[in-house]
1. So is B:ALA447 surrounded by 21 or more Cβ atoms within 10 Å (Cβ to Cβ) and closer than 21 Å to B:ARG380 by Cβ or not?
2. Residue by residue through segment B:23-43, note down the ones that are at pLDDT 90 or above and either among the acidic types (Asp, Glu) or part of a helix (DSSP H, G or I) (or both).
3. State whether one or more residues within segment B:108-121 are out of contact with any strand residue (DSSP E or B) (no Cβ under 8 Å at 6 or more places or on another chain), more than 21 Å from B:ASP168 (Cβ to Cβ) and crowded, with 18+ Cβ neighbours inside 10 Å.
4. Considering only segment B:159-167, I want to know if a residue exists there that is closer than 30 Å to B:LEU292 by Cβ, of a type in the set (Val, Ile, Thr), in a loop (DSSP other than H, G, I, E, B) and touching a residue at least 24 places away in the same chain (Cβ under 8 Å).
5. Filter segment B:218-243 down to the residues that are of a type in the set (Asp, Glu) and touching a residue at least 60 places away in the same chain (Cβ under 8 Å), then identify the one that is farthest from B:THR46 (Cα to Cα).
6. Taking the condition assigned to a helix (DSSP H, G or I), touching an Asp or Glu at 6+ places or on another chain (Cβ under 9 Å) and surrounded by fewer than 24 Cβ atoms within 10 Å (Cβ to Cβ), does A:PHE53 pass?
7. Which of the residues that make up segment B:299-326 are open to solvent by 60 Å² or more (accessible area, probe 1.4 Å) and either more than 27 Å from B:ALA172 (Cα to Cα) or within 14 Å of another protein chain (Cβ to nearest Cβ) (or both)?
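The values are calculated or read from the model by the stated rules, or taken from the named source; none is laboratory data. None of these values were measured; they are calculated from a predicted model. Virtual Cβ from ideal backbone geometry, glycine too; neighbours counted across all protein chains shown. In case anyone asks, the SASA skips ligands and DNA or RNA and just uses the protein heavy atoms, side chains included. Shrake-Rupley method; radii C 1.70, N 1.55, O 1.52, S 1.80 Å.
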Amino acid sequence: MQSKADPMPQDRSFTFGRINWRENIVYICFAGVLLFFAITIGDKGFLTVSNLFNIARTTAMIAVISIAMTFIISSGELDLSVGSTAALAALVSALAIQAGYGFVGGVIAGLLCGVAVGLVNGFFVTALSIPSFLVTLGMMQLVRGIDMRITYTNPVPVRNETFDTVFGPGTIGVVPTLFLWAVAVAILGHVVLRYTPFGRQVLATGGNREAARYSGINTKRVKIICFLITGVGAALAGMLWTGMMGTARYNFGEGAELAAIAAVILGGTSLFGGKGTIIGTFVGALLIGTINNGLIIMGLDVSEQMMVAGAIIVLAVAFGKKPSR
Amino acid sequence: MTTDVLIMRDIDKAFNGNPVLRHAGFTLRKGECHALMGENGAGKSTLMKILTGVYQRDAGTVQIDGTDVSFAAPRDAEAAGIAMIFQEFSLIPTLTVAQNIFLGHEPKRGNKIFIRDAEMIRRAHEILREFGENIDPRTRVEDLSVGAKQMVEIAKALSKNARIIVMDEPTASLSESEVETLFRLVNQLKKQGISIVYISHRMAEIYQICDRITAMRDGRDMLTADTSDVTMEELIRAMLGSDRTAAMDWIPRDVDMTAAPVLEVENLRVNGYVDDVSFDVRPGEILGLAGLTGSGRTEIVEAIFGIRQIDGGSVRIDGHSVRSNRDAIEAGVGLVPEDRRTQGLILDHSLRDNVILPNLARFTRNLFVGDTTARAASDRHIADLKIKCEGPEQEVYLLSGGNQQKIVLAKWLERKPKVLILDEPTIGVDIGAKSELVRKVREIADAGTAVVVISSEFEELLAISDRLLIIYDGSVIGNMNRKDVQSEEALHHAVQG
């Protein structure tokens, strides 16, 4: 007998007043963390404009990667190769500029690195049906190896005025350029995911691939485009790193994939696909950056920072967990 | 001298106040194969789930070997020697045959920690050899054919000393030779004194393999008899009864059969499923596809919808060939798929997001999806189809089966389809929503859409179809006008091949 009467489950997410805690955990956490640091270390420089902009600047790269990562996770896949791709794009663009191809040539070369990695990932995941975790885990290693080999781990300095202006550590008005990049990418990502047909296709593919397919959506195409988005997003982040440092290094973005996944999940995107929010991701990235910054000012050493940041992520995700049904 | 190993008496069971079993009874003798028949919803599965400890009965008694028993969980039933072989196999594909057979009760070494691998393989081999099956116990289950998997499933039951084995539609996805192997095995199990409950809709098989038959209807056992004493007609009558609802009465419709067909299927072939199927459907016509589960019905419509690879033949809409899913959708084909939860809907998403999914292009203005127009369209469908919900923003997993199915229908109605295909549209749908759907399908056809309906519920198929194709084993074996079909019994007869 087919289920005689499908039960009517109740939404058991806990609400307090009109606030849904589960869906807004990242904002609540962010506000709580800001408040906590303002009270405890407000007088040690945490609240100064220059420190807040410093957080914004150093968080920009992870924010850009996280926003791109929101797409691939929303589609039900994962991309671990973003960190090494960022370094690849940084090195290749720096070498191109060094070789005299100029700013535009350098940026195009860098972005093409992201496209290439994205296509390889997309091909293996869709055409050969290999889980994205495995494909991109391998690509993470493979590309990092390429990063190390290209210049035998030597840094590549970039001396190009346009590059410095566009990607550098400076400001436009009072706002750091790097942060403006992150904001611009966030707005673009939000609009695409939330308001375009492509965004709906991504969420549908992640929500139920079969049902999306039966609705006429080319789910393989959707996934390949999502891998291109993470590739290109990572490439952009790599060039931002070069801009901030003035030099491209093979070790850019080490661990960035995990920080980005943490930001995405903290932000309220489902690790299993189907639900995604760019604004949540952006705040998630800022939250991670703020925690790191505050802990440094509090005088914690690296080991202590890692323990506290890790614990906060686990707790936040636990509170934000959807009730099982 | 026969002995009853199992006696179930006066079993009652209700879900949410809806009685599903009313004083149902069932007896099983030692070493017999006993068919359990009935339409979908008659209560066969519920009765067997009570026997296997999945559900608990509200009232009644169950006796095994003359002792009253009550199973709180499947584990208890298993310990009493009762096993169920499900349609979807419960094997773990990545483990070997031997590991699956002994899962949870592996032979251990003296220290009770380490598994005796060689012993396990030897014993698995022994059980399988008794069947006359040449399956290597070291093969992984994922590399086996469907038939072989079923053998492993049965071997698993035997390794736990099962004395009663319940088989749910065991031949639905088996090839002819695999069916023969299964029947040989069933006979062998009977000789060993093992009793088998055989749930199936396939009467030819039942007459071939079963000793006795119990037919159920509306939660009751209507008839129990030796197979040799009961005719197919008597059996069908016992299952169908005469209390039919008015909503399921046939309303003859006028269809212009001289009009050019909108859907033409010619020599369609899908390897392993569909063999040389041809038919066409005219605008406004409702064509019913009648056949048993596994007859190829679903594969035919999936091929028309372009979501299943065609190995030969052609599908044309308005004379234009359709080669892909994209072609089909653009030409105006819509499919309400068989499994609403996995194929029809994104359960976590809102009603609105589900409705617009096949229609994203239509709702897009200047690159952006128009949420306001989408909401307005959803509101229209909610009113039109009488969908019970809080509004377009409500997530669909919160809705009942009938309302969910209406949303799947709305997805395609939004496109004003030329050809609408419905595959088992009323599974898991309550009677109210069911008659609602029937009424709606007639209305859609009256507006000129060609409709193709698959249903295992022949009452419903006869209520809405203008014409019926009988599908058997991947081929069309009959094509009849509704008015020439005298009764539901006749249709039940026809699909048996």
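1. Considered against the rule, which asks whether it is surrounded by 21 or more Cβ atoms within 10 Å (Cβ to Cβ) and closer than 21 Å to B:ARG380 by Cβ, B:ALA447 comes out as no.
2. If the condition is that a residue be at pLDDT 90 or above and either among the acidic types (Asp, Glu) or part of a helix (DSSP H, G or I) (or both), then B:GLU32 is the only one that fits.
3. So the first thing to find is which residues in segment B:108-121 are out of contact with any strand residue (DSSP E or B) (no Cβ under 8 Å at 6 or more places or on another chain), and the list is B:110-113, B:117-121.
Checking which are more than 21 Å from B:ASP168 (Cβ to Cβ) leaves us with B:110-113, B:117-121.
Adding the requirement that they be crowded, with 18+ Cβ neighbours inside 10 Å leaves B:120-121.
So far as segment B:108-121 goes, yes, one or more of its residues are out of contact with any strand residue (DSSP E or B) (no Cβ under 8 Å at 6 or more places or on another chain), more than 21 Å from B:ASP168 (Cβ to Cβ) and crowded, with 18+ Cβ neighbours inside 10 Å.
4. Filtering segment B:159-167 for residues closer than 30 Å to B:LEU292 by Cβ gives B:162-167.
Keeping just the survivors that are of a type in the set (Val, Ile, Thr) gives B:164-166.
Restricting the remaining residues to those that are in a loop (DSSP other than H, G, I, E, B) gives none.
Checked segment B:159-167: no residue is closer than 30 Å to B:LEU292 by Cβ, of a type in the set (Val, Ile, Thr), in a loop (DSSP other than H, G, I, E, B) and touching a residue at least 24 places away in the same chain (Cβ under 8 Å).
5. Of segment B:218-243, the ones of a type in the set (Asp, Glu) are B:218, B:221, B:226, B:229, B:233-234, B:243.
Applying the additional criterion that residues be touching a residue at least 60 places away in the same chain (Cβ under 8 Å) yields B:218, B:221, B:233.
Details: B:ASP218: 12, B:ASP221: 13, B:GLU233: 25 Å.
Looking at residues that are of a type in the set (Asp, Glu) and touching a residue at least 60 places away in the same chain (Cβ under 8 Å), I get B:GLU233.
6. So A:PHE53 does not fit the description; no.
7. Correct list: B:ARG308, B:GLN309, B:ASP318, B:HIS320, B:SER321, B:ARG323, B:ARG326.
Per-residue answers, yes or no, for (1) in contact with a Leu (Cβ under 9 Å, 6 or more places away or on another chain); (2) at negative phi; (3) open to solvent by 50 Å² or more (accessible area, probe 1.4 Å); (4) in a loop (DSSP other than H, G, I, E, B):
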position	(1), (2), (3), (4)
B:GLU178	no, yes, no, no
B:ILE196	yes, yes, no, no
B:GLU205	no, yes, no, no
B:ILE213	yes, yes, no, no
B:PRO252	no, yes, yes, yes
B:THR258	no, yes, yes, yes
B:ASN267	no, no, yes, no
